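Okay, structure first, notes after.
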4 protein chains.
Amino acid sequence: MAKLLDESAKGVYIISATPFTDTGELDLDSTDRLIDFYLENGVDGITILGVMGEAPKLSPTESVAFAERVLKRVNGRVQIIVGASSPGTRNLKNFASKMMDLGAAGVMVSPVAGLKTDDQIEAYFAGVVRELGDNIPIVLQDYPQLTNVFMSAGLIDRMFTQWPSLKVMKHEESPGLRKISKLRASEAKGMRRRISILVGNSAMHLPQELRRGVDGANTGVAYPEMLVEVCRRFFAGDAEGAEDLYDIYLPIIRHEQQPGIGLAIRKEIFRRRGVIKSAQLRAPGPVLDADDHKELDGLMARLERKLRERGLATGADVGRRRAAG
Amino acid sequence: MAKLLDESAKGVYIISATPFTDTGELDLDSTDRLIDFYLENGVDGITILGVMGEAPKLSPTESVAFAERVLKRVNGRVQIIVGASSPGTRNLKNFASKMMDLGAAGVMVSPVAGLKTDDQIEAYFAGVVRELGDNIPIVLQDYPQLTNVFMSAGLIDRMFTQWPSLKVMKHEESPGLRKISKLRASEAKGMRRRISILVGNSAMHLPQELRRGVDGANTGVAYPEMLVEVCRRFFAGDAEGAEDLYDIYLPIIRHEQQPGIGLAIRKEIFRRRGVIKSAQLRAPGPVLDADDHKELDGLMARLERKLRERGLATGADVGRRRAAG
Amino acid sequence: MAKLLDESAKGVYIISATPFTDTGELDLDSTDRLIDFYLENGVDGITILGVMGEAPKLSPTESVAFAERVLKRVNGRVQIIVGASSPGTRNLKNFASKMMDLGAAGVMVSPVAGLKTDDQIEAYFAGVVRELGDNIPIVLQDYPQLTNVFMSAGLIDRMFTQWPSLKVMKHEESPGLRKISKLRASEAKGMRRRISILVGNSAMHLPQELRRGVDGANTGVAYPEMLVEVCRRFFAGDAEGAEDLYDIYLPIIRHEQQPGIGLAIRKEIFRRRGVIKSAQLRAPGPVLDADDHKELDGLMARLERKLRERGLATGADVGRRRAAG
Amino acid sequence: MAKLLDESAKGVYIISATPFTDTGELDLDSTDRLIDFYLENGVDGITILGVMGEAPKLSPTESVAFAERVLKRVNGRVQIIVGASSPGTRNLKNFASKMMDLGAAGVMVSPVAGLKTDDQIEAYFAGVVRELGDNIPIVLQDYPQLTNVFMSAGLIDRMFTQWPSLKVMKHEESPGLRKISKLRASEAKGMRRRISILVGNSAMHLPQELRRGVDGANTGVAYPEMLVEVCRRFFAGDAEGAEDLYDIYLPIIRHEQQPGIGLAIRKEIFRRRGVIKSAQLRAPGPVLDADDHKELDGLMARLERKLRERGLATGADVGRRRAAG
């Protein structure tokens, strides 16, 4: 079993999709291939059952089945974080405990919708942290574009100071570059212990976020190899090289991150790369039409061309390697 | 078993709370008493597992257990509608089917959050209606204060025209008086069949809504006897008498309908009236403090005094009658 | 000239409508009558150019003309507060200064839309307070239903502690009863000076708010005589008598407070009471239709009947008295 | 004077910033330079007093002064569109008329906040179009990220069909690629006349939008030369070349488009390029800090390096040419 999540989390914790068949059944064979794909590409951890994992559309039985399959496939090689956000704290607790028993390294929790002031948000998490106890490491997900709950750097400082079970700040407010600097400044002043900050939001500002002090990415693009290599170069001291690579992928990253349709695009890319069998989302969810496909053809072809021009491995190569593997 | 829900639904379909013990366990004994209380007060139907029923905080197992208990206790005397809204259509369908198999008369569905334009809303319900098939009667819940999804009268006309399985419009937009008139005008012009319109939103405008043509209430105040008697008087031709009675209760209705804390107030009134054992909500949820209790003391005492002054049965009497029962 | 606004503000600061002619011109004759009407009914102050005053639909020239007319008519008999909220601090400052020069007792400021965290809200008001200087008394408007900006009691404490020019908290969050208790508790603990708290939100919970410690009302119902008498009774020690009177008016207060259409209803009541000549709102704004008028007929008739039954002066009497006066 | 705006609008209609001095005064000398800069870079039109122009923070006198200065400087060489959105239709009309009298080619109007259903949006614009009359060409701004008003393609079809004075659809919903295809499909089916569609939203998806049939851009990046050249190449048949150029700028376009701080970044780039004297925004507004400046240094240096590597003119060259000019 992988060790529990702590403040040393660093690198790429990919957010995993949940593969379905064309008729919407959980596709556990594709799940295996997807997990293998992530591992082959060198991720440091995998977060399952997040927003991108369509978690709220799974039945509880399916969620457990999916988590079990992933944990079994990974078999302790990297840490698995499980999204556990829930409208009720009791359900959250029960699910989180079950996931930890199955071997998860920690859980990811975002605030329930409707929280407004700093006090309300703090009170909510106080309840969650108390309920989860000291032994379940928590990734605090800060994704106001989705939850409409906004956490200031000061509030995050207060919460991480109070509760040792908070380990990782998943930062995906946008814009949010200044917030990273503020959080690191709090540490520089000795206001609280150093925490891990991983960025989400489709990595739309990853090079700038790395320069401002984040420890890596916790997001779910369809080209995980880029996230891994960008982080590798950056932490090896080659910030410009990291950004050069990133910029090649930026056009498609920008295309992928479109709210709503973005996940359908990502699943289609995974499908085209030979990783999952069907690009199906569960309803309600978008289905790509002919225009969307043609557009994606163009963007993928452009990416491959640019990678080839620079002598870099292309997504197609990765696909071929997988097929050959 | 009660007959299936159809467009003739009329009177009071009370929205039921879900009783918990002080430690947050499902309290099925209190559930029996609560259901008896509703029936003794003359409701025409009961909607369970709605927003007021804290449905998203129950586990699926608990939801089924609660529904089974209610259906057994009611034993076909009135129609039971079950809230089935869910982020995913597949879960919605599975749960709705199970509820119908258990003897529900229909299900209540509200749109998922995030739908914006008329087209998006219509497309969402097209998917739900197709999935549920022809044999599950649907209450369309229109509660934009909660969902942030706004449906125009024209859109509602279009949806009820297309889909015969939509039977009841649960109207709780606020303000929404004109919408009722528009919906009834569409029927007067022969644009579509007559549907049942029941009002929610804590019955804050019930007398005006009845005068504009609604068929009754589908909401969850802690004084169901008032809703029943107001509707009885109104449909017996005594609109002024109905409103006179209503106005006596309005101060506490207004107090009860406060978003967030309202449900805690209602459960406390049920507790004080001897109906449920604990006023507990599941976390995250408010707990009344000393000021809140004192305030409620005052409002309940005022209501009883006003009822007594007019020679009407008071909540306390109902409580006593129940205790004696 | 009336003295400047300070923390002793108490009683009824009515929010004034802005009368227009049927063609949408500023109606300054009706303005005089409306101001006289407020004064005859015993208000302690008048707030002009707030949300209810359709301020954003006036041209700057019209705003100044309207304010001048009101200030001249009042002639120092009560304090005049002027709504000065603006997207830009510079415009806010210029307008506020002009209003103070004309004789206003203070200005009302609400946060700009889009502020999220406590820090953002505090930073915004820091800028406004600095810009306005020490000599312009400020009513802090807390109306999240409109602005979507939520201020916790703790934040309000911090802001009033820092900035002496904040004098009055206009409380209209809903639900907000607990917030009042929290604010008064801060004072009881000596955390900051006692401030004036006046409630808005159409006085929907006025009796409870008075019992929790507010100093009066700062809202704009079409029956100001009720607000004045309720506050008079309450501060004379007759809380129950105050609430008895209030409850008679509650059905129409509830009708008036409907977002969107509420102002059209209020202006129509003022018109019917002989106070203003036209019920016109500036576009875009609702126009009452035949159903709305008939509904209002009923509610006004019911109010008059209930007042007569209790031997109280009716709105009609006030109207007649005015016509005779 | 330039001809009035019509459905043939094509190319780059840049959205202009409004330059201020360090103390927040309108800076009309910088305005001249900014306008010259836009013209030298080959824009086809200029939109002033939009969101990016900080219009709501100007006084009416300043708005007129700014518009006069721009119109005089441009002197009919390109079309000037003026943002005229306003909470009240009367103010909107008066301002729009004045702008047309001064020589504007048309006005841009976005819906007021708070409109929800298709019906409400249509009713709002019906009022605006009626008020503006037949002779004021209108750009319909569709920017739901700001207004929270969402317009479906079907609604836009209906509105453009009804009202000939609507000429240009400023499309900036995000994601919105499918909406463009739908709008063009309506035309292909002969449902309505062909309209001009220009894209906003910081041109974040410009190459894809062009391929889906838009006529150009109506947005305000700090590198207008890129927008002009991308459109030129695309309409000359070189879609791939257009996108190659675009991709070089994408990293900084993505950086510029950050809500809130984006305008401060743009003004700073204009300042660095020698176009405006101060990067000042009016309060409330962000001010770049040392980290922000350093980050921008890096992004601008990277852009210049990439342009040089490809033998393209850099921003610095444009600046030098201006200084020399």
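Of all DSSP beta bridges located in segment B:1-112, what percent are antiparallel, nearest 5?
10 percent
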### Query
Roughly what angle does helix C:118-132 make with the longest principal axis of chain C, taking Cα atoms, 0 to 90 degrees, to the nearest 10?
90 degrees
### Summary
Expressed as a whole-number percentage, the relative contact order of segment A:142-202 with C-alpha contacts under 8 angstrom and at least six residues apart is 40 percent
### Query
Between C:Leu312, C:Leu250, C:Leu227, which gets the highest mean-square fluctuation from a Gaussian network model of chain C, Cα cutoff 10 Å?
C:Leu312
### Query
In terms of solvent-accessible area of protein heavy atoms at a 1.4 angstrom probe, what is the ranking of C:Arg130, A:Arg310, highest value first?
C:Arg130, A:Arg310
### Query
Computed FRET efficiency, Cβ-Cβ of B:Ala188 and B:Ala313, R0 30 Å: what is it to the nearest 0.05?
0.20
### Query
What accessible surface, in Å², does a 1.4 Å probe find on B:Leu4, ignoring ligands, DNA and RNA and rounding to the nearest 10?
80 Å²
### Message
How far, in nm to one decimal, is B:Ser59 from itself in the other copies if the label point is set 7 angstrom along Cα toward Cβ? Shortest first, please.
### Response
1.6, 6.7, 6.8
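Can you tell me what the convex hull of the Cα atoms of segment B:58-204 projects to on average, as an area in nm²?
Taking a quarter of the hull surface, the average projection is 9.0 nm².
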#### Entry: Measure of compaction for segment D:193-325 (Cα Rg per 2.2 N^0.38 Å)
1.10
### Query
So what's the back-of-envelope 222 nm ellipticity for the protein assembly as shown, counting only DSSP H runs of four-plus at -39500 (n - 2.57) apiece and dividing by all residues, rounded to 500?
-15500 deg cm²/dmol
### Message
Is there a quick way to get the dipole size of segment D:117-195? I mean about its Cα centre, with the Cβ of Lys and Arg at +1 and of Asp and Glu at -1; what is the value in debye to the nearest 20?
### Response
440 debye
### Summary
Scoring chain B by relative contact order with C-alpha pairs under 8 Å, at least six apart, yields a percentage of 19 percent
### Task
Report the charge-dipole magnitude of chain C in Debye, nearest 20, computed about the Cα centre from +1 at each Lys and Arg Cβ and -1 at each Asp and Glu Cβ.
520 debye
#### Entry: DSSP-defined antiparallel bridges as percent of all bridges, chain B, nearest 5
5 percent
## Note on the structure
Over the Cα atoms of segment D:1-134 the radius of gyration and the largest Cα-Cα distance (Dmax), both in Å, equal 15.1, 45
### Task
Over the alpha-carbon set of segment B:55-110, work out the extent along each principal axis and list the three values in angstrom, largest first.
32, 19, 17
#### Entry: Across the identical copies, how the A:Asp6 labels are spaced - nm, sorted shortest first, 7 Å along Cα→Cβ
6.0, 6.8, 7.4
### Query
Rounded to a whole number, what % of the accessible area of chain B do carbon and sulfur atoms account for, probe 1.4 Å?
52 percent
## Note on the structure
Across D:Ala113, D:Ala264, D:Ala96, the residue with the highest GNM fluctuation in chain D (Cα network, 10 Å cutoff) is D:Ala113
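For segment D:1-73, what is the convex hull (Cα atoms) projected area averaged across all directions, in square nanometres? Walk me through the numbers before you get to the answer.
Values: hull surface 21.3 nm².
Projected area, direction-averaged: 5.3 nm².
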### Query
With every protein chain left in place, what is the accessible area per residue of the protein assembly as shown in square angstrom, probe 1.4 Å?
35 Å²
### Query
Under unit Cβ charges (Lys, Arg +1; Asp, Glu -1), what dipole magnitude, rounded to 20 debye, does segment B:1-119 have relative to its Cα centre?
320 debye
### Task
Give me the accessible area buried between chains C and B, both sides summed, with a 1.4 Å probe, in Å² rounded to the nearest 100.
2800 Å²
### Message
Using a label point 7 Å beyond Cα on the Cα-Cβ vector, give me the inter-copy distances for A:Gly274 in nanometres, one decimal, shortest first.
### Response
5.4, 7.5, 9.0
### Task
Using label points projected 7 Å from each Cα along Cα→Cβ, tell me how many nm separate C:Ala290 and B:Arg130, to one decimal.
4.2 nm
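Can you give the % of DSSP beta bridges in the protein assembly as shown that are antiparallel, to the nearest 5?
Antiparallel bridges: around 5 percent, rounded to the nearest 5.
Ordering D:His293, A:His255 from largest to smallest accessible area (1.4 angstrom probe), what's the sequence?
D:His293, A:His255
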### Query
If you project the alpha carbons of chain D onto their three principal axes, what span does each projection cover, largest first, in Å?
49, 45, 36
### Tail beyond 40 Å, pair distance distribution of the protein assembly as shown (Cα, percent)
53 percent
### Task
Can you tell me the relative contact order of segment A:74-159? Whole percent, Cα pairs under 8 Å, sequence separation 6 or more.
31 percent
### Summary
Scoring only Lys, Arg, Asp and Glu (+1, +1, -1, -1) among other residues with Cβ under 12 Å from the Cβ of C:Phe66 yields -2
## Note on the structure
Rg/Rh of segment B:69-148 (Cα atoms, Kirkwood Rh), to two decimals, equals 1.00
### Message
Taking only the Cα atoms of segment B:205-258, how large is their convex hull per residue, in Å³?
### Response
69 Å³
### Task
Compute the acute angle (0 to 90°) between the alpha-carbon long axis of helix B:262-272 and the principal axis of greatest extent of the alpha-carbon atoms of chain B; round to the nearest 10°.
40 degrees
### Residue (of D:Ala105, D:Ala67, D:Asn135) at the positive-pole extreme of segment D:61-148, dipole from beta-carbon charges
D:Ala67
### Query
Too long at a 26 Å Cα-Cα cut-off: which of D:Lys98/D:Lys170; A:Lys98/A:Lys167; B:Lys267/C:Lys179; A:Lys57/A:Lys294; A:Lys10/A:Lys179?
A:Lys57/A:Lys294
### Hull-based mean projected area of segment B:119-193, where the convex hull spans the alpha carbons, in square nanometres
4.8 nm²
### Task
Find the chain C residue whose Cβ sits closest to the rotation axis that carries C onto A, and give that distance in whole Å.
C:Asp118, 2
#### Entry: Calculated SAXS-style log₁₀ I(q)/I(0) at q = 0.16, 0.17, 0.19 Å⁻¹ - segment B:151-263, Debye, Cα scatterers
-0.74, -0.82, -0.97
## Note on the structure
Relative to chain D, whose Cα atoms define the longest principal axis, helix D:177-188 and its Cα axis are tilted in degrees, nearest 10, by 50 degrees
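The values are calculated or read from the model by the stated rules, or taken from the named source; none is laboratory data. Small disclaimer: the values here were computed from a predicted structure and weren't measured. For neighbour counting, all protein chains shown are included, and Cβ atoms are generated from backbone atoms with ideal geometry for every residue, glycine included. With ligands, DNA and RNA removed, areas are computed over all heavy atoms of the protein, side chains included. Shrake-Rupley method; radii C 1.70, N 1.55, O 1.52, S 1.80 Å.
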